[in-house]
Every structure is written in C-alpha cells, then in structure tokens.
Amino acid sequence: MTQFRPAGVGIRTRIFQIIFESDTRAAKGFDIALIVTILASVLVVVLDSVNEYHARFGDVFYALEWGFTLIFTLELALRLFCLNRPLRYLWSFYGIIDLISILPTWLALVIPGGQSILVVRLLRVLRIFRILRLMQFVGEGQLLIDALKRSFHQIILFLFSIFTLVTIFASVMYLIEPAEAGFTSIPMSIYWAIVSLTTVGYGDIVPVTPLGQGITVMLMLIGYSIIAVPTGVFSAEVIRSIRQERYSNEACPGCGYDRHEHKARYCLRCGTWLNEERPDPRQVRKGVSEPPPAQPDDND
C-alpha cells in the first residue's frame, strides 16, 4: 500500500493513517477488527450454503450479510475518500477484491428471484472472495509473490514438459486400449494421464491390457519422481528471497565474509567494523582517527 498517498491534511490524513498504515494503536485495532469481520462474513456465506442451516437461519444469515455488506461498503468509501488518487486504488488488486466483496449483495436487489436461482447462487459464492482481502495483512505474502515471479519461467518450462509427456502417453494409450475401457478419445486419454501422473488415480478410466497397465505403472513412477521439481524450484526462490530481505551482500573488509544481516555493524566472523564510510566507534573512543589495517592472512 505504500504507493498510495492521502488526499490532503486533516481528517483525510487521519483516516489514511488508520486504514492504510499499521504502526499506531488505532491502525492495528482497525486491522484486527477488519480481519474478524472478513472471517465472520465468509463463515456466514459457508453456513448459508448448507440447506439445513439455510432453512432454519436463512433470515438471520440474510440480515448478517447485509450488515457485513454495509460495513465493507462504508470501508471502501472511506478508502476512496482519503486517497489522492481513488481510481488508482479502485483498479488495483485489492480494490477489485473490495468491489467483488460487496457487489453481489447489491446486485441481488435487481436480480429476479425464482427463475434466476443459479445467478443468485453464483453471486453468493462470489462473496467468498472476501477472504482474499486477508492477503493485505500478511507481510510475508509479498515474499511468496516475489518468489513466484522469479520462478515463473522455470515453472512454465516444467509444465510444458509435463504436458508433452502427458500427450505422448495419452496418445499411446488411446492406440492400445479399447474404447470400452474409457479411452474414447485423446482428450479423455490426456485426462487419464494427468490423473495417473499426479498419482491420484480416480479409477473411472482403467487400462485393461497388460501393456496399458505396464505403461500406467511407468507413468505413476515418473509422477513420483518429478512431483518434487516445482516444489524445489519454488522453495529455492523463497530461500533466496528470505536471504535478500534479511542478509546483505556486502563483504566484510577484514575477512570477506558476506552473510551479514542488514542491521549488523560488526562482522560475525572476525569482528571488523562493516561500514567503511564511517569510522569504527571503538577506534574513535580510543582516540584513533583511522582504523588499523586488516591483518594479513597466513597464506599471504
């Protein structure tokens, strides 16, 4: 949210500090209250989808839903009111989520009743997207997003390789298996190959020939062997993101060690002062204007 700025001084700045910042007691209280409200509204949507609960507490759920909608509508209005560029926020990711979270209830007022039950159900389900608003309260969420961006090309290459493998196995199975076994087309065979490669095995399409069963075993073993590839790629990027966020790449002028935290002042290994632009406070206290030269290595 750092790219957004308040519209001006006074009440708008105060509202901005409460809604978009989290370093004051009022801002933290607002965030906690909003999180609880979001979770409660999602719980109401989930319970309302159960026919038994809907029949018994439908009116209560309806009243609660309108209460949550009014709260979120007021919150969105305050967000737009305190920003210098409200439309920019409205078209951002969280702005769109804010709209999705309130529009279904308002649209339900103009949607006809009985003949549009499927549309009304769709609008109800859309309210579940309110839970995405919790992402803005998770500081580490940006770290995961950055890791996904950096591993995007590797993951795409992996998925393309998997698609190629699946298509080849599916085509072979379509040739050797009878249609009665479920392999009626190459797309159906691709569905079977994906289910087998991910080791899920629904059992709705099963090979009946010995050769097809052997290919199935091979495909499942391949699935076990490659399922960790995208996990490893993503995990490596997450570790790299954590290191970049926590550690500095600046090497120690004394020993060359380069895994210091950003706030570190002295080398973890040899104790050398790390900030070469400023004098070592230890030497200043001793009355020495320049730090002593680094000791030569024994191998020199």
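Just the ratio, please: alpha-carbon radius of gyration of the range 152-230 over 2.2 N^0.38 Å, N its number of residues. Walk me through the numbers before you get to the answer.
Details: Rg = 12.5 Å, N = 79, 2.2 N^0.38 = 11.6 Å.
Against the compact-globule rule of thumb, the ratio is 1.08.
Could you sort the peptides 167-178, 14-25 by per-residue average Cβ neighbour count (10 Å cutoff), highest mean leading?
Ranked from most to least packed, the peptides come out as 167-178, 14-25.
Note the full-extension length gain between Ala63 and Thr209 as 0.36 nm times their separation in residues minus their Cα-Cα distance, in nm to one decimal. Spell out each step's value before the answer.
Numbers: separation 146, 0.36 × 146 = 52.56 nm, distance 5.92 nm.
Full extension from Ala63 to Thr209 adds 46.6 nm.
Would you mind calculating the gained length between Glu21 and Glu52 on full extension (0.36 nm times residue separation, minus the Cα-Cα distance), in nm to one decimal? The partial results should precede the final answer.
Numbers: separation 31, 0.36 × 31 = 11.16 nm, distance 4.16 nm.
Going from the current span to full extension adds 7.0 nm.
Taking the range 197-240 and a reference point 7 angstrom along Cα→Cβ of Leu165, the backbone N atoms nearer than 14 Å belong to 197-200, 216-232.
A simple rule links phi to the HN-Hα coupling: the Karplus curve 6.51 cos²θ - 1.76 cosθ + 1.60 with θ = phi - 60°, which for the range 69-86 gives 4, 5, 5, 5, 5, 5, 5, 5, 4, 5, 4, 5, 5, 8, 9, 6, 10, x Hz, with x for Gly and Pro.
3J(HN,Hα) along the range 145-154: 5, 5, 5, 5, 5, 6, 9, 4, 5, 5 Hz, from the Karplus curve 6.51 cos²θ - 1.76 cosθ + 1.60 with θ = phi - 60°, whole Hz, x for Gly and Pro. Less than 5 angstrom separates the built amide H of Leu83 from those of Ala7, all sequence-distant by 5 or more or on a different chain.
Using the Karplus relation 6.51 cos²θ - 1.76 cosθ + 1.60 with θ = phi - 60°, the per-residue 3J(HN,Hα) values for the range 186-198 come to 5, x, 5, 5, 5, 4, 4, 5, 5, 5, 6, 5, 7 Hz, with x marking Gly and Pro.
As an exercise, use a Förster radius of 41 Å and the Cβ-Cβ distance of Leu39 and Ser185 to find the FRET efficiency, rounded to the nearest 0.05. The partial results should precede the final answer.
Details: r = 45 Å, r/R0 = 1.09.
Result of the calculation: an efficiency of 0.40.
Values quoted throughout were computed directly from the atomic coordinates according to the rules given, and no laboratory measurement underlies them. On a predicted model such as this, the values are computed, not experimentally measured, just so you know. Glycine gets a Cβ as well: all are built from the backbone with ideal geometry, and neighbour counts include every protein chain shown.
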